[in-house]
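Student: Once you've had a glance at the structure underneath, I'll fire off some questions.
Derivation of every value follows stated rules applied to the coordinates shown; laboratory data play no part. Remember, it's a predicted structure, so these values are computed and weren't measured experimentally. Here the Cβ positions follow ideal geometry from the backbone for every residue, glycine too, while neighbour counts run over all protein chains shown.
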Amino acid sequence: MLETLTHLAGGFADVLQPVNLLVLAIGLVLGLLVAVLPGLTLVMGVVLALPFTYRMELTPAIILLTAMYVSGTYGGAFTSILFRIPGEPIDVPLLWDGYAMARAGAPAKALGWTLFGALGGGLVAALVLVLLSEPVARLALTFSAPEFLAIILFGLTSVVSLGGGSVTNALISLFIGLLIATVGTDETYGAERFAFGVRMLSDGIEYLLVMVGAYGLGEVFTRLEQGFRTQTAGAGKGAPIRTELPRLKELLATKATFIRSSLIGILVGIIPGAGATIASFVSYGAEGQYGRRRKELGSGIPEGILAPQTAATASVGGALIPLLTMGIPGSGATAIILAAFLLKGVQPGPQVFVSSGDTVYAIFASLFVAVLGMCLLGYFAIKLLVRVLAFPEAVVSAFVVMFCFVGAFAARNNLTDLYVITAFGVIGYLFERFRFPIAPMVLGSILGPLAENAFMTTMISHDNDWTVLFTRPVAGVVMALAIVALAYPALRRWRTR
């Protein structure tokens, strides 16, 4: 323990060097900017930053990418809460309560809860990364495709159970999202599916277009039909333009949510391939099943904001554990960080603590500093962004449309994506009009390809034996939780009757 603390102190000394500190600050700003702009994903931002690390030393290069990864899990909270545009899939669960709280006149309070969730989840994950990285990674190494598939199914069923008043409508929405995810070329066999000879569909439908179109443009179309009745974009007239951090009494009331979400974020982050998106959805679903105020979820309560944000940020530390100790990336962003290691001739794994121990502990220390720096930047950025709510709703909606189209075009530089995002804007409007929840559809389009790949890998590896999902201990436990989550709404209604 003393030796670990000594190495960590050396890591802080490295991070606080002027060059490394400057690189970390640049990474935090870039991560926030990438996360705020719809259409530019966190992974895409880290990929775009990778070429700039070619001439850097190993330590500043990894610090830059790690700082972008950390702040990227937080920056999308601004557009989700203020404008109902999730900058990342991570932020979809966040807007269900965050946007509701903003519409009720407390946008600064909603962003304050997000700030606390990011700070607390990040610091807990950094501490776990330092103390438990090697033993926890050894456990995660036993996970394979069946466990990953079970985790995805649990995430899907958890959110479906929260899809609104009608479970049937939620299931229909989810299956539409899964159907959207199958459009294009099958990655396993190379067969074209549901393209109908249309070239723009042969490459598939990006989940970003579904997400930004259904939530962003769909909300604008809904407001347009209502004639932009509200005078401001989100907070309501007279909303205080300041940051409202939670009081100590409020924090103590949500301690169970914080602990549960931190654990979920770390554990899901450790599972290779899972990442912050699944952590965010699973945490929100767990809050809907086991939270003290689960019946109020979706109406703008702090727990609905705290759960996904805490889990998303905590997953960063969890994803770094298998990367550094076993050379297995825990998420898309850590896969890019792995590439940066390999470009410098360093193979992450058990030997990296011996060959590049200084860099490893500098990464540990940079995670602490990045979380604190991210929250300082976020604290001041909140004040600036909340002021945007003073503009008339029609004006803000015009900017929302512009950002949606810019983000959609920037994703692949493809003009046809603008038609696709407009189509999903209409679909989002129709879903709102006929009381179908949008969230399950978006979730299905995001997790559908991951579920399909995990399913195909499982079937190929286990001779098409689907019972492996229940006979393997970890996968069996998670599948049992998924079945309970799916059946819980029906059981709850039965008990009520």
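Student: May I ask you to compute the full-extension gain from residue 487 to residue 465, defined as 0.36 nm times their residue separation minus their alpha-carbon distance, rounded to one decimal in nm?
Tutor: Stretched out fully, the residue 487 to residue 465 stretch lengthens by 5.5 nm.
Student: Shifting gears a bit: If I model a spin label at residue 342 and residue 132 as a point 7 Å from the Cα along the Cα→Cβ vector, what separation in nanometres do I get?
Tutor: It is 3.0 nm.
Student: Using 0.36 nm per residue of separation minus the Cα-Cα distance, give me the extension gain between residue 415 and residue 171 in nm, one decimal.
Tutor: 84.6 nm
Student: Could you check the simple spin-label distance between residue 203 and residue 191, using points 7 Å along Cα→Cβ, in nm with one decimal?
Tutor: Placing both labels 7 Å beyond Cα along the Cβ direction yields 2.4 nm.
Student: Also, quick follow-up: What's the local net charge at residue 304, with K and R +1, D and E -1, over the other residues with C-beta under 10 Å away?
Tutor: Combined, the nearby Lys, Arg, Asp and Glu give -2.
Student: Would you kindly state how much longer the chain becomes between residue 351 and residue 290 on full extension, computed as 0.36 nm times their sequence separation minus their alpha carbon distance, in nm to one decimal?
Tutor: Working it through step by step, the gained length comes to 17.9 nm.
Student: What area, in nm² and to one decimal, does the C-alpha convex hull of segment 5-113 cast on average over all directions?
Tutor: 7.9 nm²
Student: Could you grab the relative contact order for the chain? Cα pairs under 8 Å, six or more apart, rounded to a whole percent.
Tutor: 29 percent
Student: Right, another one. Distance in nm between label sites at residue 259 and residue 4, each 7 Å beyond Cα in the beta-carbon direction?
Tutor: 2.1 nm
Student: Name the shape class, rounded, prolate or oblate, that the alpha-carbon gyration tensor gives for segment 289-329, where a ≥ b ≥ c are the square roots of its eigenvalues, rounded holds for a/c under 1.5, and otherwise prolate holds if a/b is larger than b/c and oblate otherwise.
Tutor: prolate
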